[in-house]
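Novice: Pasting a structure here, questions to come.
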Protein chains: 2
Amino acid sequence: MNNGIGIVMNKIIIEPIGIIHSPYITIKDVPKPPFFDEDIEAFAELNEKYSDGLKDLDGFSHAIILFYFHLSKEIHMYGKPSFEKDEHGIFAIRSPHRPNHIGLSIIKINRIEKNKLFFCNVDMINNTPIIDIKPYIRDTDIKENVSCGWLEKHIKKRNNFKFK
Amino acid sequence: MNNGIGIVMNKIIIEPIGIIHSPYITIKDVPKPPFFDEDIEAFAELNEKYSDGLKDLDGFSHAIILFYFHLSKEIHMYGKPSFEKDEHGIFAIRSPHRPNHIGLSIIKINRIEKNKLFFCNVDMINNTPIIDIKPYIRDTDIKENVSCGWLEKHIKKRNNFKFK
């Protein structure tokens, strides 16, 4: 396959490592981050052959879950969240309709039992395939002096809402 | 394919969206986050068909790059970074030798020119295939009250080092 930049790149085959069990059944049920429902818990159930890989993750407060937007069948170059009026490039938004359809959520770990990781800060729907889980690391994943382009005006509104 | 949890899950085919051009040629050249060399710049060159997707990303200070650890041919359930003496589950570390071999870096955006995203905070080697780019969003990606299990002792050492 030629990728348009003169370099031959092979396709990559991903095998989901597990699945999300979530009380959110349809996309409309899912809260928009950062407005999570703190009472809602979901769990990631891993293929049992990966249970050992969860060892010591329970020492972390948060984890990054990479997952597959399995309901998205389209790829768009532009899009906009429902709260925004202008369209932006697909790599400047978090839309599911992106090349490769991979999503990222940072979840709060509640507990781990064998091959099950229970968490809150849920924004995934039920039956979402899981691709990877990584520890959230304070001094590499928290950045300083962050600016957020077209999102800034919404973040300011969100902060007003949160501290009301 | 049965994934061991009683649910049939299909494999997912990923097509890299571009490639990293980095001055780091071998894994040994790459700095360990968060100790980046601030003078080093790399760029992500996307397939030209995805150029439009970068629109408005330059308003953000940081982006998340998902990439493929193309040199890793092994999957381990345990591992440890070179600075740690004990082994931990693969999902509690950031090792390349993980199921699906997907890596995540949060980079600092310098500028965007057509299909090229120039950045610093580089920890990827040259020719790394890129899977996705997402905006880094202050109020969803920066978490509060973060604890980091086995890594805490190293983070405290790093902070001492940084503020020396």
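Novice: Which ranges mark the strands (runs of 3 or more DSSP E) fully within region A:50-157 that have 1 or more residues being at the interface with chain B (Cβ under 7 Å from one of its Cβ atoms) and free of Cβ contacts under 8 Å to residues at least 40 places away in the same chain?
Specialist: A:102-113
Novice: Do you know which residues across region A:21-39 are under 20 Å from A:K116 (Cβ atoms) and modelled with pLDDT of 90 or more?
Specialist: Selection gives A:H21, A:S22, A:P23, A:Y24, A:I25.
Novice: Kindly indicate whether any position in region B:34-48 is aromatic (F, W, Y), within 10 Å of another protein chain (Cβ to nearest Cβ) and in a strand (DSSP E or B).
Specialist: Checking region B:34-48: not a single residue is aromatic (F, W, Y), within 10 Å of another protein chain (Cβ to nearest Cβ) and in a strand (DSSP E or B).
Novice: Within region B:102-131, track down each residue that is in contact with an Asp or Glu (Cβ under 6 Å, 6 or more places away or on another chain), farther than 21 Å from B:E38 by Cβ and not aliphatic (A, V, I, L, M).
Specialist: Within region B:102-131, B:N115 is the sole residue that qualifies.
The values are calculated or read from the model by the stated rules, or taken from the named source; none is laboratory data. In this text, all values refer to a predicted model and were calculated from it rather than measured experimentally. Every residue, glycine among them, receives a Cβ derived from its backbone with ideal geometry; neighbour counts consider all protein chains shown.
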